[in-house]
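The values are calculated or read from the model by the stated rules, or taken from the named source; none is laboratory data. Everything numeric here is computed off the predicted structure, so don't read it as measured data. Cβ sites come from the backbone with ideal geometry, for glycine too, and all protein chains shown count toward neighbours. When the accessible area is computed, the model is the full protein with side chains, heavy atoms only, and any ligands, DNA or RNA have been set aside. Shrake-Rupley method; radii C 1.70, N 1.55, O 1.52, S 1.80 Å.
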Amino acid sequence: MPAMPWDLQLLDLFAALLLLSSFAMLLQRRTVTLVNILAMQGGLLCAATLVLAWRTGQSHLYVSAALTLLLKVLLLPWLLHRLIRRLQVYWDSETTVNTAGIMLIGVLIVIFAFGLAQPISAVANTAMRSAIGIAIAVILLAFLTMITRGKAMSQVVGFLSMENGLFFGAMSASYGMPMIVELGVALDVLVAMLVLGVFFFQIRERFDSLDLHHLESLREDT
Amino acid sequence: MIHEALLLEYSARHLALMEWAAALKLLNYACIGFALFLPWGVATGAGPLSLLASMPILAAKLVLAGAALALIETLSAKLRIMRAPEFLAAAFLFAVLGLLVHLLLGA
């Protein structure tokens, strides 16, 4: 088998690390570490975008790499850390049950996603078409993270990780979205983050905790 | 690494034998790890010269691995015995993911 060019190898490495960081997020208990993993995932995404931009010479990918760096590596984790400090949930941790079971479900999801991506990558003609499966797996694993978590903060991190996966999928399937869509999504995520921050304070005021299981007991006043 | 209470019953030469066995085991695992993941500088032939040349490289790798191991052991307090299955499950996860990614990316 002939050796691949080193930049493609680097892209594959980043894709695999992205998948691994998704699993780390799925199994991490502490909220602060979860935010740090999210920042790391953003960093990986930014690095992958840079290498892809260098490889294909598409200049708009540099812009989206800069946008990723600014928004997902610096701004959002900073906002989340600030929220964690303000809400005083620094030592908060999740009581996940049956970690091994969740892990196995995660592996099944990865197999499913890879199978799902096979026909898509067969018709794509980009430099990293084989990474589409990893993007789908990251999205589905973020879903699983949101499903298995009870705390509001972890759910938001799962949501942002899903956005990372979508971005990576767009990048590997068609060298990124049009600039205007990318800017719109970035703004949406930022606004969603701010609104959710307000929600955190409201939820905590109402229930004295950020555990979303309390929401199940809400009833309409009759 | 998980706990060392089993060694508390031994002393003198028996303890030395136990420690020796543990050291040998660590050396073996480290060398297997090097051969799998960091194969640079491994002797490619059976000649005495290439074996001699690979010795200092192996020693350097062992020194680095020892430093890394010390760092990990210092940073993480001892692993709870109840968490050990999780640890093994993570190892299994890495193996399966490695296989799947290899199939997908063909790298």
*Given 4 °C and 1.567 mPa s, how large is the Stokes-Einstein diffusion coefficient of chain A in µm²/s, with Rh as the Kirkwood radius over Cα pairs?*
71
*State, in angstrom, two size descriptors of region A:1-110 derived from its alpha carbons: Rg to one decimal place and Dmax to the nearest whole number.*
16.9, 55
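Leaving ligands, DNA and RNA out of it, rank A:Ile180, A:Ile84, B:Ile32, B:Ile57 by accessible area with a 1.4 Å probe, largest first.
Ranked list, largest accessible area first: A:Ile180, B:Ile32, B:Ile57, A:Ile84.
Could you work out the helix-only [θ] at 222 nm for chain A, with each DSSP H run of four or more residues adding -39,500 (n - 2.57) and the total divided by the number of residues, to the nearest 500 deg cm²/dmol?
Mean residue ellipticity, 222 nm, calculated: -25500 deg cm²/dmol.
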*Can you give the Rg and Dmax of chain B based on its C-alpha atoms, in angstrom?*
18.1, 54
*Nearest-10 value in Å² for the accessible area of B:Arg80, using the 1.4 Å probe*: 150
_Tell me the mean residue ellipticity at 222 nm calculated for chain B from its helices only (DSSP H runs of n ≥ 4, each -39500 (n - 2.57), averaged over every residue, nearest 500)._
-25000 deg cm²/dmol
_Give me the summed buried accessible area for the B-A pair, 1.4 Å probe, to the nearest 100 Å²._
1500
*asked:* Could you derive backbone 3J(HN,Hα) for region A:155-172 from the dihedral phi with the Karplus parameters 6.51, -1.76 and 1.60 (θ = phi - 60°), listing whole Hz in sequence and x where the residue is Gly or Pro?
replied: 5, 5, 4, x, 4, 5, 5, 4, 4, 4, x, 4, 4, 5, x, 4, 5, 7
*If the cut-off is 28 Å between C-alpha atoms, which lysines fall inside it for B:Lys78, apart from same-chain ones fewer than 8 positions away?*
A:Lys151, B:Lys25, B:Lys61
*Roughly how much of A:Lys151 is accessible, in Å² to the nearest 10, using a 1.4 Å probe?*
40
*asked:* From the phi angles alone, apply the Karplus equation (6.51, -1.76, 1.60; θ = phi - 60°) to region B:91-100 and give each ³J(HN,Hα) in whole Hz, x where the residue is Gly or Pro.
replied: 4, 4, 4, 4, 4, 5, 5, x, 4, 5
*What list of ³J(HN,Hα) values in whole Hz, one per residue of region B:17-32 in order, does the Karplus curve 6.51 cos²θ - 1.76 cosθ + 1.60 (θ = phi - 60°) give from phi, with Gly and Pro shown as x?*
4, 4, 5, 4, 4, 4, 5, 4, 4, 4, 4, 4, 4, 4, 5, 4
_Solvent-accessible area per residue for region A:67-199 (1.4 angstrom probe, square angstrom)_ = 46
*Gain in length, A:Leu194 to A:Phe112, computed as 0.36 nm per residue apart minus the alpha-carbon separation, to one decimal in nm?*
26.1 nm
*Compute the FRET efficiency between A:Tyr90 and A:Ile180 as 1/(1 + (r/R0)^6), taking r as their Cβ-Cβ distance and R0 = 35 Å, and round to the nearest 0.05.*
0.35
*Mind ranking B:Lys61, B:Lys78 by accessible surface for me, highest first, 1.4 Å probe?*
B:Lys78, B:Lys61
*Over the Cα atoms of region A:96-163, what Rg and Dmax result, in angstrom?*
13.7, 42
*Arrange the residues A:Thr33, A:Thr49 by how much accessible surface each exposes, largest first, with a 1.4 angstrom probe.*
A:Thr33, A:Thr49
*Please give the FRET efficiency for B:His14 paired with B:Arg83, using the beta carbon to beta carbon distance and R0 = 30 Å, rounded to the nearest 0.05.*
0.50
*asked:* Between A:Met4 and A:Glu216, what's the calculated FRET efficiency when r is the beta-carbon distance and R0 is 56 Å? Round to 0.05.
replied: 0.65
